[in-house]
Each structure stands twice: as structure tokens, then as C-alpha cells.
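The values are calculated or read from the model by the stated rules, or taken from the named source; none is laboratory data. Remember, it's a predicted structure, so these values are computed and weren't measured experimentally. Cβ atoms come from the backbone with ideal geometry, glycine included; neighbour counts cover every protein chain shown.
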Amino acid sequence: MNVTFRGEIYEAAAKNDLPGLISTFTYYGDQKNDDFMKELIERLQPYNGAIYFARLTCSEEELRRRVIDESRKKSYKMTSVEKLNEILTTTKVQAVIPEVIAQTLTIDNTSISPQAAALMIKEFYKL
């Protein structure tokens, strides 16, 4: 999803006082991503909107197991261990959003359910 379109969606949600919006994206730890994060935060400020960042991680072994799961094909997600290995070795896909941009909760979800991770996010941010 391109940056402008995503920003418009977030802004519309804040402007219309939606109680919440959950979305995912991969942070690559570069200036482009930093600028995108700052822009999103700034776009929501006039509407008292807030973004709560959660970084979900798991072991590389678990990533390789998950990437080939059949459920990923339905949503056109990556399903290649070779491509995953390439990304892990050539990008900063496991980077953390700098604290000067935003607070980020990091959860290792190697051995916890999606529901448990969601509850951790809810409790951490008092949602």
C-alpha cells in the first residue's frame, strides 16, 4: 500500500473519530520509513488521533516455518523460504522504530497465540 494512500486512511479514521484501526507494515529502519512514521503521527495530531506501535518478532526458525503455511497463500503473502532468507540477510527488516519517533512495544510471539499478543498490546497501551 503506498504511503500517501495509507496516510489518507489513517487520517480519515482519526477525523471520523473511529475507535480503532489495526494495520500492519514492515519497518525497514531507513530514512524513508522514519519519514513515513513521522508523517503519520503528524497527520493524526489535529484530530487527537494516536498510533500505538507494536513490533512482533519471532525466531528465524519460526519465521521459516510460518512463511510456508498454507494460510499465507490466501492473502497473497510471501510463501518462499528462499525469499525470506534473502530479505533477512539483505535488509534491516528486524529494525526497531527509534524512540525519538515513537514508543514501540516489542513482543516475541514465537510461542504465544495471536490472541495473547493482542492482549499484551491492549494491556501495555491501556486500550
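Of the residues Thr89, Thr79, the single one that is hydroxyl-bearing (Ser, Thr, Tyr), in a helix (DSSP H, G or I), farther than 22 Å from Phe124 by Cβ and free of Cβ contacts under 8 Å to residues at least 40 places away in the same chain is Thr89.
Here Gly29 passes the criteria (1) in a loop (DSSP other than H, G, I, E, B); (2) at negative phi; (3) touching a residue at least 12 places away in the same chain (Cβ under 8 Å) except the one numbered (2).
Which residue, of Lys122, Lys73, is touching a Ser or Thr at 6+ places or on another chain (Cβ under 8 Å) and part of a helix (DSSP H, G or I)? Working first, answer last.
Details: Lys122 fails: touching a Ser or Thr at 6+ places or on another chain (Cβ under 8 Å).
Exactly one residue qualifies, and that residue is Lys73.
Within region 46-58, can one find any residue that is charged (D, E, K, R) and either part of a helix (DSSP H, G or I) or over 25 Å from Pro114 (Cα atoms) (or both)? So that I can check it myself, show each step before the final result.
Pass one, region 46-58, residues charged (D, E, K, R): 55.
Next cut, either part of a helix (DSSP H, G or I) or over 25 Å from Pro114 (Cα atoms) (or both) only: none.
No.
Within the span defined as region 79-94, every residue fails to be exposed (fewer than 11 other Cβ atoms within 10 Å of the Cβ) and closer than 26 Å to Ile112 by Cβ.
Here is a yes/no grid of residues against (1) out of contact with any Cys (no Cβ under 8 Å at 6 or more places or on another chain); (2) modelled with pLDDT of 90 or more; (3) surrounded by 12 or more Cβ atoms within 10 Å (Cβ to Cβ); (4) of a type in the set (A, V, I, L, M):
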residue	(1), (2), (3), (4)
Glu11	yes, yes, yes, no
Ile22	yes, no, no, yes
Asp34	yes, yes, yes, no
Ile41	yes, yes, yes, yes
Tyr47	yes, yes, yes, no
Cys58	yes, yes, yes, no
Arg65	yes, yes, yes, no
Ser75	yes, no, no, no
